[in-house]
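Notes for the one structure printed next.
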Amino acid sequence: MRDDLFELLWEGLRETLYMLVWSSFFAILLGMLLGITLVATEKGGVLENRPIHKVVSLAINGVRSLPFIILIVLLIPVARWVVGTSLGPTAAVVSLSIGAAPFLGRIVESALKEVAPGKVEAAKSFGASPLDILFRVLIPEALPALVRSLTIAVIAITELTAVAGAIGAGGLGSLAIRFGYQRFREDILFATVIVIILLVQVLQWTGDSIARSINRRRYKPE
Amino acid sequence: MIAISNLSKSYKTASGVFKALNKLDLTIEKGDIYGIIGFSGAGKSTLVRCMNRLEEPDEGAVAIGDTVITELEGKRLREARQKIGMIFQQFNLLDGKTVFQNVAFPLKVAGRDKAFIRKRVTEVLEMVQLSDKAGHYPSQLSGGQKQRVGIARALVNEPDVLLCDEATSALDPQTTYSILELLQSINQQLGLTVVLITHELEVLQHICNNVAVIEQGEIVETGTVDQFFLNPQSDTARRFVNIVERYRQKRQLAVEGVGAGI
(Lines give C-alpha, C1' and ligand atoms only; values in the text may rest on other atoms or scores of the structure.)
Protein backbone atom coordinates (compact mmCIF):
# COMPACT_ATOMS: atom_id res chain seq x y z
CA MET A 1 0.00 0.00 0.00
CA ARG A 2 1.28 3.45 -0.87
CA ASP A 3 0.39 6.78 0.68
CA ASP A 4 -1.48 8.06 -2.39
CA LEU A 5 -4.12 5.35 -1.94
CA PHE A 6 -6.56 7.23 0.24
CA GLU A 7 -6.27 10.41 -1.72
CA LEU A 8 -7.00 8.58 -4.98
CA LEU A 9 -9.86 6.63 -3.43
CA TRP A 10 -11.39 9.73 -1.95
CA GLU A 11 -11.30 11.56 -5.24
CA GLY A 12 -12.72 8.53 -7.06
CA LEU A 13 -15.51 8.15 -4.56
CA ARG A 14 -16.39 11.83 -4.79
CA GLU A 15 -16.59 11.67 -8.56
CA THR A 16 -18.64 8.49 -8.45
CA LEU A 17 -21.07 9.97 -5.93
CA TYR A 18 -21.35 13.11 -8.02
CA MET A 19 -22.22 11.09 -11.12
CA LEU A 20 -24.51 8.80 -9.17
CA VAL A 21 -26.53 11.53 -7.50
CA TRP A 22 -27.06 13.67 -10.57
CA SER A 23 -27.61 10.83 -13.05
CA SER A 24 -30.03 9.17 -10.65
CA PHE A 25 -31.86 12.45 -10.22
CA PHE A 26 -32.27 13.09 -13.95
CA ALA A 27 -32.85 9.44 -14.83
CA ILE A 28 -35.57 9.12 -12.20
CA LEU A 29 -37.18 12.33 -13.41
CA LEU A 30 -37.15 11.17 -17.03
CA GLY A 31 -38.01 7.60 -16.08
CA MET A 32 -41.06 8.66 -14.06
CA LEU A 33 -42.18 10.76 -17.00
CA LEU A 34 -41.75 7.84 -19.39
CA GLY A 35 -43.35 5.29 -17.06
CA ILE A 36 -46.35 7.50 -16.31
CA THR A 37 -46.77 8.22 -20.01
CA LEU A 38 -46.69 4.50 -20.81
CA VAL A 39 -49.30 3.65 -18.19
CA ALA A 40 -51.54 6.62 -18.98
CA THR A 41 -51.59 6.11 -22.74
CA GLU A 42 -51.83 2.30 -22.89
CA LYS A 43 -55.01 0.55 -23.99
CA GLY A 44 -57.60 1.18 -21.30
CA GLY A 45 -55.33 3.76 -19.63
CA VAL A 46 -56.72 7.00 -18.22
CA LEU A 47 -55.42 9.00 -21.19
CA GLU A 48 -55.47 6.25 -23.77
CA ASN A 49 -53.50 7.23 -26.84
CA ARG A 50 -52.16 4.37 -28.90
CA PRO A 51 -49.82 6.33 -31.21
CA ILE A 52 -48.03 8.05 -28.29
CA HIS A 53 -47.79 4.76 -26.43
CA LYS A 54 -46.31 3.06 -29.47
CA VAL A 55 -43.71 5.79 -30.08
CA VAL A 56 -42.59 5.98 -26.44
CA SER A 57 -42.44 2.22 -26.17
CA LEU A 58 -40.38 1.86 -29.33
CA ALA A 59 -38.01 4.63 -28.30
CA ILE A 60 -37.46 2.96 -24.92
CA ASN A 61 -36.79 -0.40 -26.54
CA GLY A 62 -34.44 1.23 -29.02
CA VAL A 63 -32.24 2.89 -26.41
CA ARG A 64 -32.36 -0.17 -24.16
CA SER A 65 -31.13 -2.48 -26.88
CA LEU A 66 -27.83 -0.59 -27.24
CA PRO A 67 -24.94 -1.66 -25.04
CA PHE A 68 -24.21 1.18 -22.66
CA ILE A 69 -20.65 1.69 -23.76
CA ILE A 70 -21.81 2.25 -27.34
CA LEU A 71 -24.56 4.57 -26.15
CA ILE A 72 -21.98 6.74 -24.40
CA VAL A 73 -20.03 7.08 -27.63
CA LEU A 74 -23.22 7.93 -29.52
CA LEU A 75 -24.09 10.54 -26.90
CA ILE A 76 -20.73 12.32 -26.99
CA PRO A 77 -22.09 15.09 -29.25
CA VAL A 78 -25.12 15.46 -27.00
CA ALA A 79 -22.95 15.73 -23.91
CA ARG A 80 -20.76 18.29 -25.61
CA TRP A 81 -23.83 20.28 -26.60
CA VAL A 82 -25.42 20.15 -23.13
CA VAL A 83 -22.42 20.65 -20.83
CA GLY A 84 -19.71 21.83 -23.25
CA THR A 85 -17.38 18.84 -22.87
CA SER A 86 -17.36 15.15 -23.59
CA LEU A 87 -14.93 14.26 -20.79
CA GLY A 88 -15.23 13.99 -17.03
CA PRO A 89 -18.03 13.28 -14.59
CA THR A 90 -20.36 16.06 -15.77
CA ALA A 91 -20.35 14.81 -19.35
CA ALA A 92 -20.96 11.31 -18.02
CA VAL A 93 -24.07 12.51 -16.18
CA VAL A 94 -25.67 13.33 -19.54
CA SER A 95 -24.98 9.87 -20.96
CA LEU A 96 -25.89 8.09 -17.74
CA SER A 97 -29.19 9.94 -17.39
CA ILE A 98 -30.23 9.25 -20.96
CA GLY A 99 -28.93 5.71 -20.85
CA ALA A 100 -30.71 4.78 -17.62
CA ALA A 101 -34.01 6.64 -18.16
CA PRO A 102 -35.61 4.01 -20.45
CA PHE A 103 -34.84 1.26 -17.92
CA LEU A 104 -36.34 3.44 -15.19
CA GLY A 105 -39.36 4.04 -17.43
CA ARG A 106 -40.01 0.32 -17.68
CA ILE A 107 -39.70 -0.37 -13.96
CA VAL A 108 -41.90 2.62 -13.10
CA GLU A 109 -44.42 1.27 -15.61
CA SER A 110 -44.43 -2.18 -14.03
CA ALA A 111 -44.72 -0.76 -10.49
CA LEU A 112 -47.71 1.39 -11.47
CA LYS A 113 -49.40 -1.51 -13.23
CA GLU A 114 -49.32 -3.52 -10.01
CA VAL A 115 -51.93 -1.21 -8.47
CA ALA A 116 -55.26 -3.05 -8.34
CA PRO A 117 -57.51 -1.87 -11.19
CA GLY A 118 -60.41 -1.70 -8.73
CA LYS A 119 -58.79 1.28 -7.01
CA VAL A 120 -58.72 3.16 -10.28
CA GLU A 121 -62.33 2.24 -10.97
CA ALA A 122 -63.41 3.45 -7.55
CA ALA A 123 -61.69 6.78 -8.21
CA LYS A 124 -63.41 7.02 -11.59
CA SER A 125 -66.72 6.22 -9.97
CA PHE A 126 -66.63 9.35 -7.85
CA GLY A 127 -65.47 11.59 -10.63
CA ALA A 128 -61.66 11.63 -10.40
CA SER A 129 -59.93 13.11 -13.44
CA PRO A 130 -57.13 11.31 -15.29
CA LEU A 131 -54.54 13.44 -13.47
CA ASP A 132 -56.17 12.74 -10.10
CA ILE A 133 -55.93 9.05 -10.88
CA LEU A 134 -52.28 9.22 -11.93
CA PHE A 135 -50.98 11.42 -9.13
CA ARG A 136 -53.35 10.71 -6.26
CA VAL A 137 -54.12 7.03 -6.82
CA LEU A 138 -51.53 5.20 -8.92
CA ILE A 139 -48.31 6.82 -7.69
CA PRO A 140 -49.13 6.91 -3.94
CA GLU A 141 -50.52 3.37 -4.03
CA ALA A 142 -47.45 2.09 -5.88
CA LEU A 143 -45.02 3.96 -3.64
CA PRO A 144 -43.44 1.00 -1.79
CA ALA A 145 -42.98 -0.88 -5.09
CA LEU A 146 -41.64 2.29 -6.71
CA VAL A 147 -39.05 2.81 -3.98
CA ARG A 148 -37.84 -0.78 -4.32
CA SER A 149 -37.66 -0.50 -8.10
CA LEU A 150 -35.83 2.80 -7.93
CA THR A 151 -33.30 1.23 -5.57
CA ILE A 152 -32.58 -1.45 -8.15
CA ALA A 153 -32.18 1.27 -10.77
CA VAL A 154 -29.83 3.43 -8.69
CA ILE A 155 -27.62 0.40 -8.07
CA ALA A 156 -27.66 -0.31 -11.80
CA ILE A 157 -26.57 3.30 -12.36
CA THR A 158 -23.68 2.72 -9.93
CA GLU A 159 -22.52 -0.08 -12.20
CA LEU A 160 -22.89 2.16 -15.23
CA THR A 161 -20.72 4.89 -13.64
CA ALA A 162 -17.92 2.31 -13.54
CA VAL A 163 -18.46 1.52 -17.21
CA ALA A 164 -18.43 5.23 -18.01
CA GLY A 165 -15.19 5.42 -16.04
CA ALA A 166 -13.58 3.19 -18.62
CA ILE A 167 -13.84 5.89 -21.25
CA GLY A 168 -12.93 9.02 -19.41
CA ALA A 169 -15.68 9.76 -16.95
CA GLY A 170 -13.56 9.49 -13.82
CA GLY A 171 -14.77 7.95 -10.58
CA LEU A 172 -14.00 4.64 -8.93
CA GLY A 173 -14.42 2.64 -12.13
CA SER A 174 -11.84 4.71 -13.90
CA LEU A 175 -9.54 4.39 -10.90
CA ALA A 176 -9.78 0.60 -10.94
CA ILE A 177 -8.99 0.46 -14.63
CA ARG A 178 -6.31 3.14 -14.92
CA PHE A 179 -4.42 2.29 -11.75
CA GLY A 180 -5.49 -1.17 -10.77
CA TYR A 181 -5.43 -2.75 -14.22
CA GLN A 182 -3.15 -0.66 -16.39
CA ARG A 183 -0.52 0.14 -13.72
CA PHE A 184 -0.73 -3.12 -11.76
CA ARG A 185 -1.72 -1.34 -8.53
CA GLU A 186 -3.51 -4.24 -6.90
CA ASP A 187 -3.98 -2.30 -3.68
CA ILE A 188 -6.04 0.26 -5.57
CA LEU A 189 -7.97 -2.41 -7.44
CA PHE A 190 -9.04 -4.17 -4.26
CA ALA A 191 -9.71 -1.01 -2.30
CA THR A 192 -11.91 0.26 -5.14
CA VAL A 193 -13.85 -2.99 -5.22
CA ILE A 194 -14.42 -2.81 -1.48
CA VAL A 195 -15.63 0.79 -1.64
CA ILE A 196 -18.04 -0.04 -4.50
CA ILE A 197 -19.38 -3.05 -2.58
CA LEU A 198 -19.94 -0.89 0.49
CA LEU A 199 -21.62 1.79 -1.60
CA VAL A 200 -24.04 -0.71 -3.13
CA GLN A 201 -24.83 -2.13 0.32
CA VAL A 202 -25.61 1.31 1.68
CA LEU A 203 -27.87 2.09 -1.30
CA GLN A 204 -29.78 -1.18 -0.98
CA TRP A 205 -30.15 -0.77 2.75
CA THR A 206 -31.44 2.80 2.35
CA GLY A 207 -34.00 1.78 -0.29
CA ASP A 208 -35.16 -1.15 1.79
CA SER A 209 -35.62 0.94 4.91
CA ILE A 210 -37.61 3.61 3.09
CA ALA A 211 -39.91 1.00 1.54
CA ARG A 212 -40.24 -0.76 4.86
CA SER A 213 -41.11 2.37 6.75
CA ILE A 214 -43.85 3.23 4.24
CA ASN A 215 -45.25 -0.27 4.53
CA ARG A 216 -45.02 -0.24 8.30
CA ARG A 217 -47.08 2.90 8.43
CA ARG A 218 -49.69 1.53 6.03
CA TYR A 219 -49.88 -1.98 7.36
CA LYS A 220 -49.08 -1.55 11.04
CA PRO A 221 -50.83 -4.17 13.14
CA GLU A 222 -53.60 -2.85 15.33
CA MET B 1 -85.78 7.94 -11.29
CA ILE B 2 -83.34 5.82 -13.25
CA ALA B 3 -84.43 5.02 -16.79
CA ILE B 4 -82.47 2.53 -18.84
CA SER B 5 -83.54 1.90 -22.39
CA ASN B 6 -82.33 -0.37 -25.14
CA LEU B 7 -78.98 -0.90 -23.44
CA SER B 8 -76.59 -3.26 -25.23
CA LYS B 9 -73.03 -4.24 -24.58
CA SER B 10 -70.99 -7.05 -26.05
CA TYR B 11 -67.45 -8.27 -25.55
CA LYS B 12 -65.13 -9.96 -27.96
CA THR B 13 -63.92 -13.23 -26.53
CA ALA B 14 -61.76 -16.03 -27.89
CA SER B 15 -64.88 -17.97 -28.83
CA GLY B 16 -66.68 -15.09 -30.53
CA VAL B 17 -68.84 -12.18 -29.43
CA PHE B 18 -70.42 -12.39 -26.00
CA LYS B 19 -73.56 -10.32 -25.53
CA ALA B 20 -73.46 -9.16 -21.93
CA LEU B 21 -76.48 -6.88 -22.26
CA ASN B 22 -79.10 -7.28 -24.95
CA LYS B 23 -81.42 -4.31 -25.60
CA LEU B 24 -82.20 -4.08 -21.93
CA ASP B 25 -84.91 -1.79 -20.52
CA LEU B 26 -85.37 -1.02 -16.85
CA THR B 27 -86.97 1.69 -14.73
CA ILE B 28 -86.15 2.28 -11.08
CA GLU B 29 -88.21 4.69 -9.02
CA LYS B 30 -86.57 7.44 -6.97
CA GLY B 31 -85.97 6.47 -3.34
CA ASP B 32 -86.43 2.76 -3.99
CA ILE B 33 -84.14 -0.03 -2.81
CA TYR B 34 -83.93 -2.05 -5.97
CA GLY B 35 -82.31 -5.44 -6.31
CA ILE B 36 -80.97 -6.83 -9.57
CA ILE B 37 -80.40 -10.54 -9.23
CA GLY B 38 -78.96 -13.10 -11.58
CA PHE B 39 -76.49 -15.95 -11.80
CA SER B 40 -72.83 -15.43 -12.70
CA GLY B 41 -72.40 -14.19 -16.24
CA ALA B 42 -75.99 -12.97 -16.53
CA GLY B 43 -74.77 -9.41 -17.12
CA LYS B 44 -75.73 -7.81 -13.81
CA SER B 45 -72.32 -6.36 -13.09
CA THR B 46 -72.03 -5.00 -16.63
CA LEU B 47 -75.44 -3.40 -16.19
CA VAL B 48 -74.55 -1.53 -13.01
CA ARG B 49 -71.15 -0.52 -14.43
CA CYS B 50 -72.86 0.93 -17.50
CA MET B 51 -75.02 3.09 -15.22
CA ASN B 52 -72.02 5.25 -14.27
CA ARG B 53 -70.10 4.47 -17.46
CA LEU B 54 -67.29 2.52 -15.86
CA GLU B 55 -68.11 0.53 -18.94
CA GLU B 56 -69.22 1.99 -22.21
CA PRO B 57 -72.47 0.57 -23.54
CA ASP B 58 -72.52 -0.13 -27.28
CA GLU B 59 -75.93 1.46 -27.61
CA GLY B 60 -78.90 2.55 -25.54
CA ALA B 61 -79.40 5.23 -22.91
CA VAL B 62 -79.11 5.58 -19.16
CA ALA B 63 -80.80 8.55 -17.50
CA ILE B 64 -80.63 9.39 -13.81
CA GLY B 65 -83.19 12.05 -13.02
CA ASP B 66 -82.88 14.62 -15.78
CA THR B 67 -79.30 13.72 -16.58
CA VAL B 68 -78.73 11.46 -19.54
CA ILE B 69 -75.50 9.80 -18.42
CA THR B 70 -74.86 8.21 -21.80
CA GLU B 71 -74.66 11.62 -23.49
CA LEU B 72 -71.96 13.08 -21.25
CA GLU B 73 -68.23 13.24 -21.84
CA GLY B 74 -65.14 14.40 -19.96
CA LYS B 75 -65.68 16.94 -17.21
CA ARG B 76 -69.47 16.78 -17.38
CA LEU B 77 -69.43 13.01 -17.00
CA ARG B 78 -67.10 13.36 -14.01
CA GLU B 79 -69.43 15.90 -12.41
CA ALA B 80 -72.41 13.62 -12.96
CA ARG B 81 -70.47 10.76 -11.36
CA GLN B 82 -70.06 12.80 -8.19
CA LYS B 83 -73.80 12.35 -7.75
CA ILE B 84 -73.67 8.58 -8.29
CA GLY B 85 -72.05 6.78 -5.38
CA MET B 86 -70.72 3.27 -5.87
CA ILE B 87 -69.53 0.53 -3.56
CA PHE B 88 -67.69 -2.61 -4.57
CA GLN B 89 -67.29 -6.24 -3.60
CA GLN B 90 -63.56 -5.75 -2.97
CA PHE B 91 -64.12 -2.34 -1.28
CA ASN B 92 -61.36 -0.75 -3.42
CA LEU B 93 -60.05 1.51 -0.68
CA LEU B 94 -56.65 3.15 -1.11
CA ASP B 95 -54.11 1.42 1.15
CA GLY B 96 -51.85 4.45 1.35
CA LYS B 97 -54.55 6.71 2.74
CA THR B 98 -56.18 6.71 6.16
CA VAL B 99 -59.91 6.20 6.61
CA PHE B 100 -60.32 9.96 6.82
CA GLN B 101 -58.26 10.55 3.67
CA ASN B 102 -60.12 7.84 1.77
CA VAL B 103 -63.47 9.42 2.57
CA ALA B 104 -62.13 12.92 1.90
CA PHE B 105 -60.79 11.96 -1.53
CA PRO B 106 -64.04 12.45 -3.53
CA LEU B 107 -64.43 15.89 -1.94
CA LYS B 108 -60.85 16.83 -2.86
CA VAL B 109 -61.53 15.70 -6.40
CA ALA B 110 -64.65 17.88 -6.37
CA GLY B 111 -62.52 20.84 -5.28
CA ARG B 112 -64.05 21.42 -1.85
CA ASP B 113 -62.13 23.45 0.72
CA LYS B 114 -60.42 22.01 3.79
CA ALA B 115 -62.90 23.21 6.39
CA PHE B 116 -65.83 21.80 4.47
CA ILE B 117 -64.03 18.49 3.95
CA ARG B 118 -63.23 18.14 7.65
CA LYS B 119 -66.81 18.82 8.66
CA ARG B 120 -68.42 16.63 6.01
CA VAL B 121 -66.07 13.65 6.48
CA THR B 122 -66.63 13.75 10.25
CA GLU B 123 -70.36 13.74 9.63
CA VAL B 124 -70.30 10.80 7.24
CA LEU B 125 -67.94 8.76 9.41
CA GLU B 126 -70.38 9.24 12.24
CA MET B 127 -73.19 8.00 10.03
CA VAL B 128 -71.31 4.75 9.32
CA GLN B 129 -70.16 4.52 12.96
CA LEU B 130 -66.46 4.74 12.26
CA SER B 131 -65.60 8.04 13.94
CA ASP B 132 -63.01 6.31 16.12
CA LYS B 133 -61.20 4.83 13.09
CA ALA B 134 -60.56 8.06 11.17
CA GLY B 135 -56.78 7.82 11.58
CA HIS B 136 -56.52 4.10 10.80
CA TYR B 137 -55.35 2.59 7.54
CA PRO B 138 -57.62 0.16 5.65
CA SER B 139 -55.31 -2.78 6.46
CA GLN B 140 -56.19 -2.34 10.12
CA LEU B 141 -59.93 -2.74 9.53
CA SER B 142 -62.19 -5.78 9.27
CA GLY B 143 -64.10 -6.50 6.05
CA GLY B 144 -67.29 -4.97 7.40
CA GLN B 145 -65.45 -1.84 8.53
CA LYS B 146 -63.80 -1.54 5.12
CA GLN B 147 -67.18 -1.64 3.44
CA ARG B 148 -68.42 1.02 5.84
CA VAL B 149 -65.56 3.22 4.70
CA GLY B 150 -66.57 2.40 1.12
CA ILE B 151 -70.11 3.51 1.91
CA ALA B 152 -68.91 6.69 3.60
CA ARG B 153 -66.75 7.47 0.57
CA ALA B 154 -69.68 6.85 -1.76
CA LEU B 155 -72.00 9.08 0.27
CA VAL B 156 -69.69 11.97 1.01
CA ASN B 157 -70.70 13.92 -2.11
CA GLU B 158 -74.41 13.53 -1.24
CA PRO B 159 -75.29 11.45 -4.27
CA ASP B 160 -78.82 10.81 -5.55
CA VAL B 161 -78.07 7.19 -6.29
CA LEU B 162 -75.97 4.51 -4.60
CA LEU B 163 -74.85 1.62 -6.82
CA CYS B 164 -73.83 -1.54 -4.97
CA ASP B 165 -71.87 -4.04 -7.05
CA GLU B 166 -71.99 -7.27 -5.02
CA ALA B 167 -71.23 -5.11 -2.01
CA THR B 168 -71.74 -7.85 0.56
CA SER B 169 -70.47 -10.87 -1.36
CA ALA B 170 -67.09 -10.83 0.35
CA LEU B 171 -68.59 -10.56 3.83
CA ASP B 172 -69.81 -13.16 6.28
CA PRO B 173 -73.58 -13.39 6.92
CA GLN B 174 -73.51 -11.40 10.13
CA THR B 175 -71.50 -8.57 8.64
CA THR B 176 -73.67 -8.71 5.51
CA TYR B 177 -76.67 -8.17 7.72
CA SER B 178 -75.17 -5.14 9.47
CA ILE B 179 -74.15 -3.58 6.15
CA LEU B 180 -77.66 -4.12 4.78
CA GLU B 181 -79.13 -2.50 7.87
CA LEU B 182 -76.85 0.46 7.32
CA LEU B 183 -77.87 0.77 3.67
CA GLN B 184 -81.51 0.66 4.68
CA SER B 185 -81.16 3.35 7.30
CA ILE B 186 -79.23 5.53 4.84
CA ASN B 187 -81.99 5.06 2.30
CA GLN B 188 -84.56 6.16 4.87
CA GLN B 189 -82.52 9.07 6.23
CA LEU B 190 -81.33 10.50 2.93
CA GLY B 191 -83.99 9.27 0.55
CA LEU B 192 -81.44 8.25 -2.05
CA THR B 193 -82.09 5.47 -4.54
CA VAL B 194 -80.17 2.27 -3.82
CA VAL B 195 -79.45 -0.22 -6.60
CA LEU B 196 -78.03 -3.55 -5.47
CA ILE B 197 -76.52 -6.10 -7.80
CA THR B 198 -76.43 -9.46 -6.10
CA HIS B 199 -76.63 -13.19 -6.34
CA GLU B 200 -77.54 -13.49 -2.66
CA LEU B 201 -81.22 -13.90 -1.93
CA GLU B 202 -80.69 -12.70 1.62
CA VAL B 203 -79.90 -9.27 0.23
CA LEU B 204 -83.23 -9.15 -1.61
CA GLN B 205 -85.08 -10.52 1.35
CA HIS B 206 -83.63 -8.11 3.90
CA ILE B 207 -83.84 -4.74 2.27
CA CYS B 208 -85.12 -4.65 -1.32
CA ASN B 209 -88.60 -3.44 -2.18
CA ASN B 210 -88.45 -4.34 -5.85
CA VAL B 211 -86.39 -6.69 -7.90
CA ALA B 212 -85.41 -7.34 -11.50
CA VAL B 213 -84.20 -10.74 -12.61
CA ILE B 214 -81.51 -10.71 -15.27
CA GLU B 215 -80.73 -13.63 -17.53
CA GLN B 216 -78.39 -13.61 -20.54
CA GLY B 217 -78.30 -9.84 -20.63
CA GLU B 218 -82.05 -9.37 -20.55
CA ILE B 219 -84.51 -8.54 -17.78
CA VAL B 220 -86.82 -11.54 -17.61
CA GLU B 221 -88.91 -10.54 -14.64
CA THR B 222 -89.59 -7.46 -12.52
CA GLY B 223 -91.83 -6.99 -9.53
CA THR B 224 -91.92 -6.72 -5.79
CA VAL B 225 -89.72 -8.94 -3.67
CA ASP B 226 -92.85 -10.70 -2.37
CA GLN B 227 -93.88 -11.60 -5.89
CA PHE B 228 -90.39 -12.90 -6.56
CA PHE B 229 -90.43 -15.28 -3.61
CA LEU B 230 -94.11 -16.29 -3.65
CA ASN B 231 -94.79 -16.46 -7.33
CA PRO B 232 -91.55 -16.59 -9.33
CA GLN B 233 -92.18 -16.43 -13.07
CA SER B 234 -88.84 -16.77 -14.85
CA ASP B 235 -86.57 -19.79 -14.91
CA THR B 236 -83.85 -17.91 -13.07
CA ALA B 237 -86.23 -16.75 -10.34
CA ARG B 238 -87.55 -20.27 -9.86
CA ARG B 239 -84.08 -21.70 -9.63
CA PHE B 240 -83.14 -19.09 -7.04
CA VAL B 241 -86.22 -19.71 -4.93
CA ASN B 242 -85.63 -23.47 -5.01
CA ILE B 243 -82.06 -22.92 -3.90
CA VAL B 244 -83.17 -20.74 -1.02
CA GLU B 245 -85.61 -23.35 0.18
CA ARG B 246 -82.91 -25.99 0.33
CA TYR B 247 -80.48 -23.45 1.73
CA ARG B 248 -82.85 -22.44 4.46
CA GLN B 249 -83.36 -26.04 5.52
CA LYS B 250 -79.64 -26.64 5.62
CA ARG B 251 -79.01 -23.41 7.50
CA GLN B 252 -81.73 -24.24 9.99
CA LEU B 253 -79.96 -27.52 10.71
CA ALA B 254 -76.63 -25.77 11.06
CA VAL B 255 -78.03 -23.18 13.44
CA GLU B 256 -79.63 -25.88 15.59
CA GLY B 257 -76.36 -27.77 15.61
CA VAL B 258 -74.44 -24.73 16.80
CA GLY B 259 -77.12 -23.96 19.38
CA ALA B 260 -76.86 -27.46 20.82
CA GLY B 261 -73.09 -27.11 21.06
CA ILE B 262 -73.36 -23.99 23.19
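Residues that are at the interface with another protein chain (Cβ under 9 Å from one of its Cβ atoms) and outside any helix (DSSP H, G or I) were ranked within segment B:69-84; the one that is nearest to B:Val109 (Cα to Cα) is B:Gln82. In segment B:152-179, the qualifying residues are those that are under 10 Å from the mean Cα position of the chain (by Cα) and not in a strand (DSSP E or B), and the one that is farthest from B:Val62 (Cα to Cα) is B:Thr168. Taking segment A:1-44 as the range and being over 11 Å from the mean Cα position of the chain (by Cα) and among the small types (Gly, Ala, Ser) as the test, the residues that pass are A:Gly12, A:Gly35, A:Ala40, A:Gly44. State whether the residues of segment B:180-201 include one that is within 16 Å of B:Leu93 (Cα to Cα), within 14 Å of chain A (Cβ to nearest Cβ) and either in a loop (DSSP other than H, G, I, E, B) or not hydroxyl-bearing (Ser, Thr, Tyr) (or both). Looking for residues that are within 16 Å of B:Leu93 (Cα to Cα), within 14 Å of chain A (Cβ to nearest Cβ) and either in a loop (DSSP other than H, G, I, E, B) or not hydroxyl-bearing (Ser, Thr, Tyr) (or both), one finds none in segment B:180-201, hence no. For segment A:153-171, does any single residue satisfy the condition of being more than 20 Å from A:Leu13 (Cβ to Cβ), assigned to a helix (DSSP H, G or I), modelled with pLDDT of 90 or more and in contact with a helix residue (DSSP H, G or I) (Cβ under 6 Å, 6 or more places away or on another chain)? Checked against the condition, which is being more than 20 Å from A:Leu13 (Cβ to Cβ), assigned to a helix (DSSP H, G or I), modelled with pLDDT of 90 or more and in contact with a helix residue (DSSP H, G or I) (Cβ under 6 Å, 6 or more places away or on another chain), segment A:153-171 yields at least one hit.
Scanning segment B:35-58 for residues that are touching a Pro at 6+ places or on another chain (Cβ under 7 Å) and surrounded by 14 or more Cβ atoms within 10 Å (Cβ to Cβ) turns up at least one hit. The set of residues in segment A:164-222 that are of a type in the set (A, V, I, L, M, F, W, C) and at positive phi contains only A:Phe184.
Can you find a residue that is buried (at least 18 other Cβ atoms within 10 Å of the Cβ) and either under 24 Å from A:Ile107 (Cβ atoms) or within 14 Å of chain B (Cβ to nearest Cβ) (or both) anywhere in segment A:174-189? Scanning segment A:174-189, I find no residue that is buried (at least 18 other Cβ atoms within 10 Å of the Cβ) and either under 24 Å from A:Ile107 (Cβ atoms) or within 14 Å of chain B (Cβ to nearest Cβ) (or both), so the answer is no. No other residue among A:Ala123, A:Ala153, A:Ala128 is without any contact (Cβ under 8 Å) to a residue 12 or more places away in the chain and of a type in the set (A, V, I, L, M) apart from A:Ala128.
When segment A:34-53 is examined, which residues are found to be touching a residue at least 12 places away in the same chain (Cβ under 8 Å) and part of a helix (DSSP H, G or I)? If the condition is that a residue be touching a residue at least 12 places away in the same chain (Cβ under 8 Å) and part of a helix (DSSP H, G or I), then A:Leu34, A:Gly35, A:Ile36, A:Thr37, A:Leu38, A:Val39, A:Ala40, A:Thr41, A:Ile52, A:His53 are the ones that fit. Of the residues making up segment A:71-129, those that are among the aromatic types (Phe, Trp, Tyr) and assigned to a helix (DSSP H, G or I) are A:Trp81, A:Phe103.
Go through (1) within 24 Å of A:Glu114 (Cα to Cα); (2) out of contact with any Phe, Trp or Tyr (no Cβ under 9 Å at 6 or more places or on another chain) and name the single condition A:Ile60 misses. Failing condition for A:Ile60: (2). Of the conditions (1) in contact (Cβ under 8 Å) with a residue 40 or more places away in the chain; (2) outside any strand (DSSP E or B); (3) aliphatic (A, V, I, L, M), B:Ile214 satisfies every one except a single condition; which number is it? All conditions are met except number (2). Among the residues of segment B:85-134, the one identified as at positive phi, within 13 Å of another protein chain (Cβ to nearest Cβ) and surrounded by fewer than 22 Cβ atoms within 10 Å (Cβ to Cβ) is B:Gly111. Annotation note: of B:Arg81, B:Arg76, the sole residue that is over 12 Å from the mean Cα position of the chain (by Cα), crowded, with 24+ Cβ neighbours inside 10 Å and farther than 22 Å from B:Lys19 by Cα is B:Arg81.
Which residue, of A:Phe179, A:Phe190, A:Phe184, is hydrophobic (A, V, I, L, M, F, W, C) and outside any helix (DSSP H, G or I)?
After applying the criteria, what remains is A:Phe184.
Applying the criterion of being touching a Ser or Thr at 6+ places or on another chain (Cβ under 6 Å) and among the hydrophobic types (A, V, I, L, M, F, W, C) to the residues of segment A:96-146, the residue that is farthest from the other protein chains (Cβ to nearest Cβ) is A:Leu96.
The values are calculated or read from the model by the stated rules, or taken from the named source; none is laboratory data. Not measured: the values here are computed from a predicted model. Heads up, the Cβs are rebuilt from the backbone with ideal geometry, glycines too, and the neighbour counts pull from every protein chain shown.
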